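Taking it in order: structure first as structure tokens, then the write-up.
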Amino acid sequence: MEIVPRDLDEAITLINQDQGSWTILISPHRTHNEYRHLVYRARAAQEETLVAFHVTRLSPLGTAVLAEMGQTLVKALPPHQILPALAALESQIRCLTVTPSVIDMSEPRIPLLLHARSWIPGGTYIAERGHHARAFSARRPERALETFDSADEGYIAVVAESAAEGKRGQRMQHVMELLLEHVDSPNVVQRPNPDPQWWGSKYAAQIVLAPSKLGRAAREAATTDISADDMQARTLCAGGALLSISGANQDKENQ
């Protein structure tokens, strides 16, 4: 299981690495059409290559976490449950940012007054995908923090720090620490910061809250009815065929 490749050479290498096996690619929603065409061009050189997409709306760090956790799902589940399990796992992942600006942020939606306020230098903002964005005030930090729920029990926090330096970097680091304390996840791990511009600023820091155990995603996948409109999932569920997803253990697939 991989994140979509960024150029044709990488795509050709990726889809040809497991001949006769399924390759599942996690593709960002915003750029899916571009990368889908890239993969299909590479796939044309190998007509029997088996490719399925899971299109994600998660942030870049969230996408990286989903791909990393998906490796465990591939090893543990039968082929026809992989895509439903990825969808179930994605629904449990939360993506947040601490950023010095929301001017170019496209998700979540930014209120007009907050957008206008962001033109004034020196601010710091917290936002969560699919939720809200709030300005942080050092005088009343709780006003911004209380907008965001604490992490569910058993969740881990994956952190990618901002590239900001100087006073701006210190300010953002302080807010990051307060936000991590607020979400109250006992386990915090560090990761590189992939494509912070997704949040609208090259200085955006990223936080992902994700379940440390995948049992819920596996259970939901086992009870999910595949939609007749979901062509990729239907292909992946082709009756009776022996499928090997990204090198998954074939004995487990036969169980």
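The values are calculated or read from the model by the stated rules, or taken from the named source; none is laboratory data. What you see is a predicted model; the values in this text were computed from it and never measured. Here the Cβ positions follow ideal geometry from the backbone for every residue, glycine too, while neighbour counts run over all protein chains shown. These accessible areas exclude ligands, DNA and RNA; they are computed on the full protein's heavy atoms, side chains included. Shrake-Rupley method; radii C 1.70, N 1.55, O 1.52, S 1.80 Å.
Here are some notes:
- Modelled label positions at residue 71 and residue 120, each set 7 Å beyond Cα in the direction of Cβ, lie 4.6 nm from each other.
- Computing FRET efficiency as 1/(1 + (r/R0)^6) for residue 103 and residue 189, where r is the C-beta to C-beta distance and R0 is 25 Å, gives about 0.25.
- Solvent-accessible area of residue 143 with every protein chain in place, 1.4 Å probe, in Å² to the nearest 10: 140
- By the Cα gyration tensor, the range 54-203 has an equivalent ellipsoid whose semi-axes, rounded to whole angstrom, run 29, 16, 14 from largest to smallest.
- Near residue 125, the amide H atoms lying under 5 Å from its own belong to 99, 101, 136; only residues 5 or more places off or on other chains count, and H is placed 1.01 Å from N.
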